[in-house]
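Here is the structure we will look at, set down as structure tokens.
The values are calculated or read from the model by the stated rules, or taken from the named source; none is laboratory data. Keep in mind it's a predicted model, so treat the numbers as computed, not measured. Backbone-built Cβ (ideal geometry, glycine too); neighbour counts: all protein chains shown. The accessibility values were calculated without ligands, DNA or RNA, using every heavy atom of the protein model including side chains. Shrake-Rupley method; radii C 1.70, N 1.55, O 1.52, S 1.80 Å.
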Amino acid sequence: MMSQAVINNHRRYLERTALYKTFGYDIEKERSFIIEKAQPVIGNILEAGTGKGYFTLALARAGYHFFSFDISAEEQRYALLNLMYYNLQQQVTFGIADVESMPCNDGFFDVIFAVNMIHHLSSVRRACAELVRILSPHGKIVLSDFNADGLAILDKIHALEGRKHEVNSGTMIDAKNVLTERGLHMEEHHRPTQDVLIARHMAE
């Protein structure tokens, strides 16, 4: 029998996605777009920055088994409840970690996703250096974040709720520059509210 916590969390998830949609941001479509552009997604997969698990759920529903790290155990609790509603929790191995210091061997991951994380970072350089360290020689890093229009929508939603959306200094341009400096090849895709950057080693 499904717990009340799982049911309540799923209701909040539906309310949240519906609210975003009224402002022109379709969470499920944006997540599907990222997964589509990242293909093929094979090997050891990492989601860096679980958050409340919106992308975690999208990856799990697409059939993938993967690791998901976040600095916040509380945020990951929401992500786990989201998965439990669909009985997908066995597909994800959660861990608590700072993106600047991952508990992983060099070159362990073949695909690394970081969705809507960059704008929370104080040091994109250190974070990207760590992602490159744990990336396999033939792997790829898939970064996605809100563009200016997407961030404006977030500001409106948070203001509606009496909150302020916290944004740090990190930008996708910073990430692109750092990864290019490290010799990775860039592929870019753009949506009305979201940008996607796929970085691969030049050998690819």
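For the stretch 47-61, does any single residue satisfy the condition of being open to solvent by less than 30 Å² (accessible area, probe 1.4 Å) and either polar (S, T, N, Q) or farther than 23 Å from L197 by Cα (or both)?
So far as the stretch 47-61 goes, yes, one or more of its residues are open to solvent by less than 30 Å² (accessible area, probe 1.4 Å) and either polar (S, T, N, Q) or farther than 23 Å from L197 by Cα (or both).
Among the residues of the stretch 76-104, write down those that are more than 18 Å from A5 (Cβ to Cβ) and part of a loop (DSSP other than H, G, I, E, B).
A97, V99, E100, M102, P103, C104 - these are the residues of the stretch 76-104 that are more than 18 Å from A5 (Cβ to Cβ) and part of a loop (DSSP other than H, G, I, E, B).
With the condition kept exactly as written, say whether any residue in the stretch 25-44 is in a helix (DSSP H, G or I), open to solvent by 20 Å² or more (accessible area, probe 1.4 Å), under 23 Å from E161 (Cβ atoms) and not aromatic (F, W, Y).
Within the stretch 25-44, one or more residues are in a helix (DSSP H, G or I), open to solvent by 20 Å² or more (accessible area, probe 1.4 Å), under 23 Å from E161 (Cβ atoms) and not aromatic (F, W, Y).
Of all residues in the stretch 76-94 being of a type outside the set (S, T, Y) and open to solvent by 50 Å² or more (accessible area, probe 1.4 Å), which is nearest to I198 (Cα to Cα)?
Looking at the filtered set, the residue picked out is F94.
When the stretch 148-159 is examined, which residues are found to be over 19 Å from the mean Cα position of the chain (by Cα), open to solvent by 40 Å² or more (accessible area, probe 1.4 Å) and in contact (Cβ under 8 Å) with a residue 12 or more places away in the chain?
Answer for the stretch 148-159, where residues must be over 19 Å from the mean Cα position of the chain (by Cα), open to solvent by 40 Å² or more (accessible area, probe 1.4 Å) and in contact (Cβ under 8 Å) with a residue 12 or more places away in the chain: just K156.
What's the number of the condition A18 fails, among (1) surrounded by 19 or more Cβ atoms within 10 Å (Cβ to Cβ); (2) more than 14 Å from the chain's Cα centre (by Cα); (3) more than 24 Å from G139 (Cβ to Cβ)?
(1)
Mind listing whichever residues of the stretch 92-116 are touching a helix residue (DSSP H, G or I) at 6+ places or on another chain (Cβ under 8 Å) and closer than 24 Å to L154 by Cβ?
V99, E100, I112, F113, A114, V115, N116
Out of T193, T171, report the one residue that is farther than 19 Å from D26 by Cα, hydroxyl-bearing (S, T, Y), within 20 Å of the chain's Cα centre (by Cα) and surrounded by 15 or more Cβ atoms within 10 Å (Cβ to Cβ).
Result: T171 is the single residue among T193, T171 that is farther than 19 Å from D26 by Cα, hydroxyl-bearing (S, T, Y), within 20 Å of the chain's Cα centre (by Cα) and surrounded by 15 or more Cβ atoms within 10 Å (Cβ to Cβ).
Filter the stretch 46-73 down to residues that are basic (K, R) and part of a helix (DSSP H, G or I), then give me how many there are.
1
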